[in-house]
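All remarks here apply to the structure that follows.
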Amino acid sequence: MLLEIRGLSSHYGRIQALDDVSVTVDQGELVALVGANGAGKTTLLRCLSGVQPISAGSIRFDGADITRTAPEKRVALGIAQVPEGRQVFGPMSVDDNLRLGAYRRQGRQMADDLERMYTLFPVLFKKRELPAGTLSGGQQQMLAIARALMSNPRLLLLDEPSMGLAPLLVAEIFAVVQSLRGDGVTIFLVEQNAHAALTLADRGYVLETGSVVMTDQGHALLADERIQQAYLGL
Amino acid sequence: MAELLQYLFAGLTSGAIYALAGLGFAIIYNASHVINFAQGEFIMIGGMATATLTAAGIPLPAAILAAMILTMLVGMALEKFAIEPARNADVVTIIIITIGASIFLRGAAQVVWDKEFHALAPFSGETPIRILGATLMPQSLWVFGVSMAAIALLWWFFNRTLFGKAMLATSFNRLAAQLMGIGVKRVLLVSFALSALLGAVGGIVVTPIAFTNYEAGIMLGLKGFSAAVLGGLGNGMGAVVGGLIVGIAEALGAGYVSSAYKDAIAFVIILFVLFFMPNGLFGKKGVDRV
């Protein structure tokens, strides 16, 4: 088991955002976490990256307890996050954004990976000298994904990669996610777009007001009546 | 003509010091959004340490090195023991902590040294250089040259080294920087070390011209602050240009109006900026698409 979250709770001040959440992700799996706005999906990812305080529970990554590990050490261990809203370094060049993605691992390999990213996302190569803030929303999302991949992660956390994008771009982003999964990257995907996420996923979790209310195979969740009513609008 | 040139020399000399102080404000502001009002004290400590060490018979280069290291350590201690423990507090609270720290450092300087003025001999003599009827002291060249070299080094650091870029990235987006594995605590510590070092450099080169005492940092710090505000808080190039403008405006004002108003000019500039262009000359213009 690559990632094991047990009984995780987290608070914003006195407001509880996560209550006793348990999630596992196996090596090579694509696991989706779906739920409405405000269910606590982003909070869970923030806890995984170490930028959100945890009030109870534990996180194990590749067998080691990382519940109290500093955010920068988690990146070094192989957990990379593509945050909600992309969060690229707007005034810095595309190239610098990618290099900073590999902040924890410089050297020859970094140069190879940079080339690999530019092959994977040709549009980024074309715009490599431009400030990241001038890219379109879809291009910024590609950049955010490429930047996270630059750390050569063992687990990729994706937070709402389709948010705010036109349908055509959404399809493109999900195609990228699928091809990453084909390359063997373990992915934990958080999405409001439940249909697209569950279609891709091996397994899914449904989060409601801070608690996991259902978990099953991706296609089984897609077929579930309650899910269809609550999240798929069918 | 000679008169104008004379004022420009004076303005560029003090402007270079304000630029260094302004950069000190900008670096810490970028790393933490805190305005460090102890920046002037870094200038004072650099000058006082060099002056007293050379007076004690230590050769100038060794005294300069020691003063730079001492100031850097003071800056790092300030971050470690006063700023870091309050990192979850409001920015305003932390700014007030820096004001407290500046008072503490002035007090400490009185205890460690004294309340007297201290002088430092010019680095390469006192024979004035005559240019088009105006005179230029060799020390002014030191001030200007060293400041420009420091600024160039800083530019290289922030634009060409990975850690420098990581510091910039942290200022643009702290969360994303953390997610890249950039240790933001270390960024904050280095920003204080760098700002202190810049202050020390300014203090060391200016002391042969202006003397120094435990209070010398107040005015220099405030003028550095007005340079940073004029340039647009957090903008490095802005702080440099702002510093030179404040220095020149001050020298021209003192020369053509009255030297009694010399110190007021920097503050009039702050007021003007706050009223009419709160983002400063080079303040952030949003280029982000959302």
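A short reminder: the numbers here are calculations on the coordinates, not readings from a lab. Because the structure is predicted, anything quoted here is derived from the model rather than measured. Here the Cβ positions follow ideal geometry from the backbone for every residue, glycine too, while neighbour counts run over all protein chains shown.
Which of A:K127/B:K185; A:K73/B:K165; A:K41/A:K127; A:K73/A:K126 have a Cα-Cα distance over 22 Å?
A:K127/B:K185; A:K41/A:K127; A:K73/A:K126
Under the convention that each Lys and Arg Cβ holds +1 and each Asp and Glu Cβ holds -1, the size of the dipole of the protein assembly as shown around its Cα centre is about 620 debye. Neighbour counting of Cβ atoms within 10 Å sorts the residues B:V91, B:V146, fewest neighbours leading, into B:V91, B:V146.
Placing one equal scatterer on every Cα of chain A and applying the Debye formula, the log10 ratio I(q)/I(0) at q = 0.07, 0.18 Å⁻¹ is -0.21, -1.41. When the charge dipole of the protein assembly as shown is built from unit charges on Cβ atoms (+1 for Lys and Arg, -1 for Asp and Glu) and taken about the Cα centre, the candidate among B:F157, A:Q192, A:V23 whose Cα reaches farthest toward its positive end is B:F157. Per the Debye calculation on the stretch A:124-212 with a single equal scatterer at every Cα and no solvent contribution, log₁₀ I(q)/I(0) for q = 0.18, 0.21 Å⁻¹ amounts to -0.86, -1.11.
Just to verify a number: FRET efficiency for B:S258 and B:M237, C-beta to C-beta distance, R0 = 25 Å, to 0.05? The partial results should precede the final answer.
Numbers: r = 32 Å, r/R0 = 1.28.
About 0.20, to the nearest 0.05.
Hey, for a label at B:I99 modelled as a point 7 Å past Cα toward Cβ, could you say which residues of the stretch B:211-235 have their backbone N under 18 Å away? From the stretch B:211-235, the list is B:217-226, B:229. In the elastic network of chain B, a GNM with C-alpha springs shorter than 10 Å, the most mobile of B:G11, B:G57, B:G243 is B:G57.
GNM on chain B, alpha-carbon springs under 10 angstrom: the most fluctuating residue among B:D263, B:D114, B:D90 is B:D90. Taking the 0 to 90 degree range and rounding to the nearest ten, how far is the long axis of helix B:236-252 tilted relative to the main principal axis of chain B, both from C-alpha atoms? That helix lies at roughly 30 degrees to the long axis. Put a plus charge on the Cβ of each Lys and Arg, a minus charge on the Cβ of each Asp and Glu, and nothing anywhere else: the dipole of chain B about its Cα centre is then about 860 debye.
Dipole orientation for the stretch B:2-276: of the candidates B:A121, B:V257, B:S147, B:S147 has the Cα lying most toward the positive pole (charges on Cβ; Lys, Arg +1; Asp, Glu -1). Given R0 = 41 Å, the distance between the Cβ atoms of B:R160 and B:V92 translates into a calculated FRET efficiency of 0.75.
In the stretch B:142-240, the alpha-carbon atoms span a convex hull of 102 Å³ per residue.
Over the stretch B:2-276, what relative contact order in percent results from Cα pairs under 8 Å that are six or more residues apart? Please list the in-between numbers first.
Numbers: 474 pairs, mean separation 111.1, N = 275.
For the stretch B:2-276, the relative contact order is 40 percent.
Among A:V51, A:V190, a tally of other beta-carbon atoms within 10 Å of each Cβ gives an order, fewest to most, of A:V51, A:V190.
Rank these for me by crowding, A:K127, B:K223, B:K165, B:K115, going from fewest to most other beta carbons within 10 Å.
On the way: A:K127 19, B:K223 28, B:K165 22, B:K115 9.
Final ranking by Cβ density, sparse to dense: B:K115, A:K127, B:K165, B:K223.
For the residues B:V206, B:V246, B:V257, a GNM of chain B with alpha-carbon springs under 10 Å puts the largest fluctuation on B:V257.
The alpha carbons of the stretch B:2-276 stretch over 59, 47, 34 Å along the principal axes, in descending order.
Suppose the Debye formula is applied to equal point scatterers at every Cα of the protein assembly as shown; what is log10 I(q)/I(0) at q = 0.13 Å⁻¹? Calculated log10 I(q)/I(0) at the listed q: -1.16.
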